[in-house]
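The values are calculated or read from the model by the stated rules, or taken from the named source; none is laboratory data. These numbers were taken from a predicted model, which means no experiment stands behind them. Neighbour counts run over all protein chains shown; Cβ positions are idealised from the backbone, glycine included. Surface accessibility is based on the protein's heavy atoms, side chains included, excluding ligands, DNA and RNA. Shrake-Rupley method; radii C 1.70, N 1.55, O 1.52, S 1.80 Å.
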Amino acid sequence: PEDTVTSSFASFIHAARPEHLSQTVRQRSKRMILDSIGVGLVGSTTSVFDIALRYCRELYSSVAVSSVYGKPGVKLSPTLAAFTNGVATHSMDFDDTWHPATHPSGAVLPALLAASQMLAPNTKPNGLDFLLAFNVGLEVQGRLMHFSTEAHDIPKRFHPPSVVGTLGSAAATAKLLSLSSAQCCHALGIAASLAGAPMANAATQAKPLHVGNATRLGLEAALLAARGMEANPLILDDIPGCSGFSAFYSVYQPKPLSAPGEHHEFLLEKQDIAFKRFPAHLGMHWVVDAALSVRNLFINYAGSFCPSQIRTIMLKIPVSKYINRPFPSSEHQARHSFQFNACAALLDGEVGLGSFSESSIHRQELRELLDKVVVEHPEDNVANFDKMYGEVALLLHSGDVLTGKCDTFYGHWRKPLSKESLLKKFRSNASHVLPEEKIEAIITLVDNLETLSDSSQL
């Protein structure tokens, strides 16, 4: 069918060209690629990554051509490499976040890395083709999220990267493989049948599987479409009485995607990405910055941080059940706990990789701080990453009250990380598995991605 929402998306994917990417879009997306690689590398040191890797190596035998983060010499089939690297990327909840809320890079980049190695030597995409495919995957995710007002708030039902990420991966891979417009349409339809994961698995080891599956299944959808599989050509349209992509959202109002060119502006041009400074759910970054602010006030007030002087720790946070966890007992729960992250920041003056270790989580002094936490949900503090705030107030035994508030943390799209901060994060993450010379080589490679003749070098 012509002139449908789905056909407009398929036409966009097929027609997008490197010259449609502005310099701003290129630079922002290269920052995302570099950060995502670093997050994936440090994620390859986690136990959930080890489980996923063992699963793939032990239960599947196939042509092994695609690389795995942090494991020199290890190769898997393209789809399993995409899955494993997607798990690594989200294993610490350290990957980038967009608005409406999703983790865009981790659902797309591993599929493109795996597909680049899969293709025959004379058909390898160059760096500019790779960058274009990556941005097509981002654009499809962002446009789909904007079809629903529900998607603008912190999610309650489906984990967004498992939904829009799967279609973004399919779109990006379809572009990299140079599929026809009809094949791109079918790739989206197939991906929709492979998408979706419930929010109930947040704060568990299963949550990283959502990103691993999104990037893997999107890749599979594109490969199936390339081999002739068909799907509903109206999958993105709102058809009364028959749910397509609208099944994932209670409010769904799709609009056609304009053709790439002078009248189309990529969403990444309008809005930057949020990069996390420490490995935890994005909402934690507001309360940590607020806690660090009030900690400094307390030190100026008392001369040092003295928990015994604190009677109550008041957190003013938005309503979001899965990240309101008073006493987390595992690293994944701790990464999704307003209470834990606020208290860890108060106690240590920072939150980092080590904050979520078993020994750190179960410290007696941290538990004593958690016992003092009281939560309030002000009506003006909405569960929306573009509008929420974090406030931490210390009610002292003396009767004094000290308050720290954060409206926009450092790393948010309104307050982006500097190039120096992003490089510092990447070097720190990558240093867990790579020597310095390889770390610097990756930085140079990504910085000059447009000139790379063979993107599989990544």
Exercise. How much length is gained if the chain between SER243 and LYS387 is pulled fully straight, taking 0.36 nm per residue apart and subtracting their Cα-Cα distance, in nm to one decimal?
Worked result: 48.8 nm
Problem set entry | Helix-only [θ]222 nm of the chain, DSSP H runs n ≥ 4, -39500 (n - 2.57) each, per residue, nearest 500 | -14500 deg cm²/dmol
For this session: Restricting to segment 282-406, compute how many DSSP beta bridges are antiparallel as a %, nearest 5.
Result: 75
For this session: Mind grabbing the base-10 log of I(q)/I(0) for the chain at q = 0.05, 0.12, 0.13 Å⁻¹? Debye formula, identical points on the C-alpha positions, no solvent, two decimal places.
Result: -0.18, -0.97, -1.12
For this session: Starting with the highest mean, order 383-395, 217-229 by the number of other Cβ atoms within 10 Å, averaged over the residues of each peptide.
Result: 217-229, 383-395
For this session: Can you tell me the relative contact order of the chain? Whole percent, Cα pairs under 8 Å, sequence separation 6 or more.
Result: 21
Problem set entry | Distance from segment 381-458 to segment 185-236 (C-alpha centre basis), Å | 28
Problem set entry | Relative contact order, percent, segment 282-406 [alpha-carbon distance under 8 Å, six or more residues apart] | 42
Exercise. How large is ³J(HN,Hα), in whole Hz, for each residue of segment 143-152 in order, when computed from phi with the Karplus curve 6.51 cos²θ - 1.76 cosθ + 1.60 and θ = phi - 60°, using x for Gly and Pro?
Worked result: 5, 4, 5, 6, 6, 9, 5, 4, 5, 6
Seminar exercise, completed: Gyration tensor on Cα atoms of segment 282-406, a ≥ b ≥ c root eigenvalues, a/c under 1.5 rounded, else prolate if a/b beats b/c, else oblate, says oblate
For this session: Roll a 1.4 Å probe over the protein chains and send me the accessible area per residue for segment 106-210 in Å².
Result: 27
Exercise. Using the alpha-carbon atoms, what tilt in degrees (0 to 90, nearest 10) does helix 23-43 show relative to the longest principal axis of the chain?
Worked result: 70
For this session: Could you please state how large a percent of the accessible area of segment 282-406 is carbon and sulfur, counting protein chains only and using a 1.4 Å probe?
Result: 47
For this session: Pull up all non-local amide H partners of PHE158: gap of 5 or more, or a different chain, and H-to-H distance under 5 Å with H placed in the peptide plane.
Result: MET199
Exercise. Once both axes come from the Cα atoms, what is the angle between helix 181-192 and the longest principal axis of the chain, in degrees from 0 to 90, rounded to 10?
Worked result: 40
Seminar exercise, completed: Pseudo-spin-label distance GLU265 to GLU358, built 7 Å along Cα→Cβ, given in nm, is 5.2
